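S.K.: If you scroll down you'll find the structure; I have some questions about it.
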Amino acid sequence: MASNDISPSLEILVQGPDGFCLWNGPPFNNGEPGVKLEKVTCASAKFSENGSRLLVMKSNSLISIYDCTSSKEIRSFEIPNVTAATLSPCGSYLQTFQKSSTPQEKNVTLWKIETGHPVHQHFQKSMTKTTWPSIQFSSNEAVACRLATNEIQFFDVGDFAKGIVHRLRVPGIAAFKLAWSPGSHVAAFVPESKGIPASVQIFAWGNDSQSQPIARRSFFRCSTVQLNWNQGSTGLLVVVQSDVDKTNQSYYGESKLNYLTTDGTHEGLVPLGKEGPVHDVRWSYSGSEFAVVYGFMPAKATLFDKKCNPLLELGTGPYNTIRWNPKGKFLCLAGFGNLPGDMVFWDYIDRKQLGTTKAEWSVTSEWSPDGCYFMTATTAPRLQVDNGIKIFHYNGSLYFKKMFDKLFQADWKPESPDRFGDIAELIKSVESVKIDDKAKGQAPKSTQASSKTTSATTAQKPAAYRPPHAKSAAAVQAELFGGSPAEALSKNALRNKKKREKQKEKKAADGTSAANGSW
């Protein structure tokens, strides 16, 4: 980042039952966030990928577009029966999906936000996770394409009125993924059919030989796939999921992780060191390495380079989530969903663990764009109680916590990590803010001494009663989540255990002495 550039301020979108508002992100003044945009009534809200625009669905027929710099509404669209809407990566286009009664009715529309006019329309029978958004863009919106029957159709982004300018024929194609940055390649998934195995193929966009795949991987027992391109569009990670596990080890089926490169140097399985499902796989922001959480609980986590060589083992535990820091130095390994919420923060450059903490019942989690903070949120409708936001420092120490009666969404406003300074300098600035806060909140020594004596004289809270079966339950939990069953025992239980051991030793000694006396 240039020295004369000013780093943008962090912002957080918070949505509740009454609508959304925009907070000024950390560091907070006096420990509380400031409000940049007061509450706006809406059903949902979502930023564009570069954070320049904000899409707000106010009803099933009214959509508003906000400019994120001024926080003002710049365009509104009145579209009846809208069931889904999304922005293009740079916020230039709005894509909407409407309920359709007849195939003649074109229910997918691409709108130019600058003019408010539609630039393309087509019919789509249904909307699923694999088919929405219908039109995929590259990160700079230089390439746009969509899935059709047995082919991928490409548009002229400069003039959508020209319609389809190229067709890539892929018989039986069910899903595809355009490379993100740059949009130089496209991956196509063809499911199993009549004894022919499923396959993932990579095609080059813009070459004369683009009708032939430059990489291909086939596999049996495949129901669905997840396609993950890296930054630079040189590698593709493919999570192959089967609904049935033939080994009967998992009720949820089995999954395998495959890796393909655009230069043909690697086409095969990623060598994972433990049996079990692939819980999460993520590319780093540089695209030079990726991390995988895999295996039956306690799961294992490993970092790999672009050649599939292991770089770092992150250990085992109750984990199913990995989040890379956008500034390329830290990562968070966590266990959310039906797991206890353990989080481990790593400096993977220096290969050391920074800290551990917990964020129980978290539904969403993400690093701030500057890489200094990590936010988790417990939201409805996934969880109807204990809704709230937690913000942690890069090392796992808690910075901010706020509870809500009902919280639907909490998201960082996207920003390019390049717009912020070096992560080491940012950390120093954060540390200086923490020191200042401690100095302001520091009490006189006499007050601290009196509080210590008061706490010392306060009666210790008795341990909670634990029924006998809870001891075996703690042992089972420790076996699953990698802990020690002794840690789960209370002080009283440990004391009783030692008493029983001493009694056994005494009885054994008495028995020995009696035996000697009889001789």
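S.K.: Within region 276-420, what whole-number % of the accessible surface is contributed by carbon and sulfur, with the 1.4 Å probe and all protein chains included in the calculation?
M.R.: Its accessible area is 48 percent carbon and sulfur atoms.
S.K.: I would also like to ask the following. Hey, what's region 123-279 come to in accessible area per residue, 1.4 Å probe, Å²?
M.R.: Counting only protein heavy atoms, the per-residue value for region 123-279 is 50 Å².
S.K.: Multiply the residue separation of LYS99 and LYS504 by 0.36 nm, subtract the distance between their alpha-carbon atoms, and state the gained length in nm to one decimal.
M.R.: Between LYS99 and LYS504, full extension yields an extra 138.2 nm.
S.K.: If you stretched the chain out fully between ASN30 and ASP422, how much longer would it get, using 0.36 nm times the residue separation minus the C-alpha to C-alpha distance?
M.R.: Difference between extended and current length: 138.5 nm.
S.K.: Going by Cα centres, region 140-167 and region 1-77 are how many Å apart?
M.R.: Each part reduced to its Cα centre gives a spacing of 31 Å.
S.K.: If amide hydrogens are placed 1.01 Å from N in the peptide plane, which non-local residues have theirs closer than 5 Å to the one on GLY25?
M.R.: Residues meeting the criterion, in which the H sits 1.01 Å from N, are LEU10, GLU11, ILE12.
S.K.: A further question on this structure: Given the peptides 347-355, 332-340, arrange them by the average over their residues of other C-beta atoms within 10 Å, most packed first.
M.R.: 332-340, 347-355
S.K.: Between GLU360 and VAL165, what's the calculated FRET efficiency when r is the beta-carbon distance and R0 is 45 Å? Round to 0.05.
M.R.: Plugging the Cβ-Cβ distance into 1/(1 + (r/R0)^6) gives 0.30.
S.K.: How much length would be gained if the chain were fully extended between ASP305 and GLN121, taking 0.36 nm per residue of separation minus their Cα-Cα distance, in nm to one decimal?
M.R.: Working it through step by step, the gained length comes to 62.1 nm.
S.K.: Among 286-296, 163-173, 41-51, how do they line up by average Cβ neighbours within 10 Å per residue, starting with the highest?
M.R.: In decreasing order of mean packing, 286-296, 163-173, 41-51 become 286-296, 41-51, 163-173.
S.K.: Also, I was wondering about something else. Amide H to amide H under 5 Å from THR224: which residues, 5+ apart in sequence or cross-chain, H placed 1.01 Å off N in plane?
M.R.: GLN241
S.K.: In addition: May I ask you to list the chymotrypsin sites (Phe, Trp or Tyr not before Pro) in region 173-222 that are in a DSSP loop and have at most 15 other Cβ atoms within 10 Å of their Cβ?
M.R.: Listed in order of number, the matching sites are PHE220.
S.K.: Provide the FRET efficiency to the nearest 0.05 for the ALA43-GLU192 pair, computing r from the beta carbons and using R0 = 30 Å.
M.R.: Efficiency, rounded to the nearest 0.05: 0.15.
S.K.: Right, here's the next one. Within region 130-268, what whole-number % of the accessible surface is contributed by carbon and sulfur, with the 1.4 Å probe and all protein chains included in the calculation?
M.R.: 48 percent
S.K.: Let me ask something else. Search the structure for amide H atoms under 5 Å from the amide H of GLN409, placed 1.01 Å from N in the peptide plane, and list their residues when 5 or more places away or on another chain.
M.R.: It is GLN15, by chain and number.
The values are calculated or read from the model by the stated rules, or taken from the named source; none is laboratory data. Note that this is a predicted model, so its numbers are computed, not measured. Cβ: placed from backbone, ideal geometry, glycine included. Neighbour counts: every protein chain shown. Just the protein is used for accessible areas: all its heavy atoms, side chains included, with ligands, DNA and RNA removed. Shrake-Rupley method; radii C 1.70, N 1.55, O 1.52, S 1.80 Å.
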